[in-house]
Structures are given as C-alpha cells and as structure tokens.
Amino acid sequence: MLRLALIGIAAFACTVHFALAANINVPADYPTIQSAIDAAFDGDTVIVSPGIYFENIDFLGKAITVRSTDPLDWDIVAQTIIDGMQADSCVKFITGEGRNSIIRGLTITNGRHNTGMADGGGISCDGSSPQISNNIIRNNEAFTYGGGISAIWGGAALIKDNIISANVADFGGAVLAMYGGDTEVIGNVFEGNIGISYGTVTAWSAHITVANNTFSGNAAFLGDGVYCSQSSATITG
C-alpha cells in the first residue's frame, strides 16, 4: 500500500491512502480459492492455476475478479475446475455484488442446490449483478431453479461467452432469470441442458436479453430453447 501524508499549517494533518490492486495466486499465495477471496480487497484479482478445487465459494460482496491464468484459452479453462461436490452451489453472488464482481475462465461443475428460491446449481445470483464470462458451466443441478445459473430477485447479471452444458433443473435447465432485474445472456453456447418443466433459458417475471447464442440438443417440457412467462424479452441473433 502506498501512503501519502500531507501535513498542513497549524498542526493540520491529512492522510490519504492509495490502495494498489493486487494479484493473489492460488495455490501459490493461498491454498484455496475461498481463502484468497477472504483475503482480497475490492479491485484485487484472484488468479487460479490449473487444478481441481473441491470448493463452494462465495464472493462475499467483494468487487474482485476470480479467473484462470488464461480465460481465453479453452484448454486452460477446462483444466481449472471448481468442483462443488454436490454439496451446494459452486459459486455464490448473494451479497449485492455488481458488475465489478467477475468470474472468468473456469470450469464450474458438480454443483447441486436442493433448497431455497435462489437455487443455482452451478452459480447462484441473488439480488446481484456479476459478470460471468468465458467459463465452462457443466453437469450442475438445481432441484427447482437454474441448473447452471440462477439470477433471482432483481439484479442484472451479465452471462457472456460461456459454454453451458448438461445442466438440469425444473425451471431453467441452464439459466433462470426471475423476479425483476435485467439479465443479459450473450454469446453463449448451450448444449444438452434439461429443463424438466421449463426452458433451457427461462425468464419468469423478469426482463431478459438473449443475443447471439447457440442452442443445441437441449430439452424441456415447454420451451426447449427459451421460455418466458410474465416477462419481457429481447431475443436476437
């Protein structure tokens, strides 16, 4: 941390703190992703080396980036894995996170959420607006809402350039946007997701933008691709 002390006339003193954003490396600096998040400050980046991390992580409201060593290299993304052990959602944004809370370039798998409105087997967003980009989100399950990702109770998550495959939920096999907010689903590939009742991508009492995605081999009782109820949607490309 850089500290600049300014001392004025008549014993007046003012101290201004300039916090420099830090890179925190897992496992070199901290053994787990969650311990690195716990230590991070807003603006920091947690860089995760390839490996399998058996964790269920929570961003804790922090405006930080958690990413692989190279989010644009799909081989690296495939080798940098958060395995939720079917114990809970793999990743949680449940403390009002905004667009400066970013998860990028990881494989998110084996998450399972059995209870609660903000299910999200892979990623749970409750009243939050994170960026979720360049990830592989696969083989996650939610009992009710959002097998891959849930976006509940407002918020405006940006879900961009991910591969989202083989996730299962009753509502929204891959992505669920529910109860307000303005979720953006852009440039993703959806493959082999199952919405038992509704949709690979489901909007329920919400607004959703679905643009430039690819859908292949998904299934649902209603809306194999996109299902909207009591919602407004912009669907393009």
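The values are calculated or read from the model by the stated rules, or taken from the named source; none is laboratory data. All figures in this text were calculated on a predicted structure; none of them were measured in a lab. With ideal geometry, Cβ positions are generated from the backbone for all residues, glycine too; neighbour counts draw on all protein chains shown. These area figures cover heavy atoms from the full protein model, side chains too; ligands, DNA and RNA do not enter into them. Shrake-Rupley method; radii C 1.70, N 1.55, O 1.52, S 1.80 Å.
Nearest 500 deg cm²/dmol is fine: what mean residue ellipticity at 222 nm does the chain get from its DSSP H runs of n ≥ 4 alone, each adding -39,500 (n - 2.57), divided by its residue count?
-1500 deg cm²/dmol
Report the dimensions of the range 123-214 along its three principal axes from the alpha-carbon atoms, largest first, rounded to Å.
The Cα atoms of the range 123-214 stretch 27, 25, 18 Å along the principal axes, largest first.
Please express the Cα-Cα pair-distance distribution P(r) of the range 64-123 as a list of whole percents, one per 5 Å bin, running from 0 to the bin with the greatest distance.
Taking every Cα pair in the range 64-123, the percentages come to 4, 19, 22, 22, 21, 9, 2.
For the pair SER216 and ALA28, how long in nm is the line joining their label points, each one 7 Å along Cα→Cβ?
Placing both labels 7 Å beyond Cα along the Cβ direction yields 3.6 nm.
Under a point-charge model restricted to the Cβ atoms of Lys and Arg (+1) and Asp and Glu (-1), what is the dipole moment magnitude of the chain relative to its Cα centre, in debye to the nearest 20?
360 debye
Put +1 on the Cβ of each Lys and Arg and -1 on the Cβ of each Asp and Glu in the chain; which of TRP153, SER89, ILE57 then has its Cα farthest toward the positive end of the dipole?
Going by the charge dipole, the pick is TRP153.
Working out 0.36 nm times the residue gap between LEU20 and GLN79, then minus their Cα-Cα distance, what length gain in nm do you get to one decimal?
18.3 nm
Would you list MET85, MET178 from the most to the least accessible area, probe 1.4 Å?
The residues order as MET85, MET178, largest area first.
Hey, how much of the P(r) for the range 22-91 falls beyond 19 Å, as a percent of Cα pairs?
Percentage above 19 Å: 29.
Restricting things to alpha carbons, find the Rg to Rh ratio for the range 78-237 using the Kirkwood radius for Rh.
Answer for the range 78-237: 0.92.
Extension gain PHE143-GLN230, at 0.36 nm per residue separation less the Cα-Cα distance, in nm?
Contour length minus Cα-Cα distance gives 29.1 nm.
Could you compute Rg(Cα) / (2.2 N^0.38 Å) for the range 57-160, with N its residue count?
On the way: Rg = 12.3 Å, N = 104, 2.2 N^0.38 = 12.8 Å.
Taking the Cα Rg and dividing by 2.2 N^0.38 Å, one obtains 0.95.
On the protein heavy atoms, probe 1.4 angstrom, tell me the percent of accessible surface of the range 76-218 carried by carbon and sulfur.
On the way: 2090 of 4240 Å².
Within the range 76-218, the accessible surface is 49 percent carbon and sulfur.
Rank by packing, highest mean first: peptides 64-74, 207-217, with packing defined as the count of other Cβ atoms within 10 Å averaged across residues.
64-74, 207-217
Pairs of alpha-carbon atoms within less than 8 angstrom and 6+ residues apart define the contacts here; what relative contact order does the chain have, in percent?
Relative contact order here is 11 percent.
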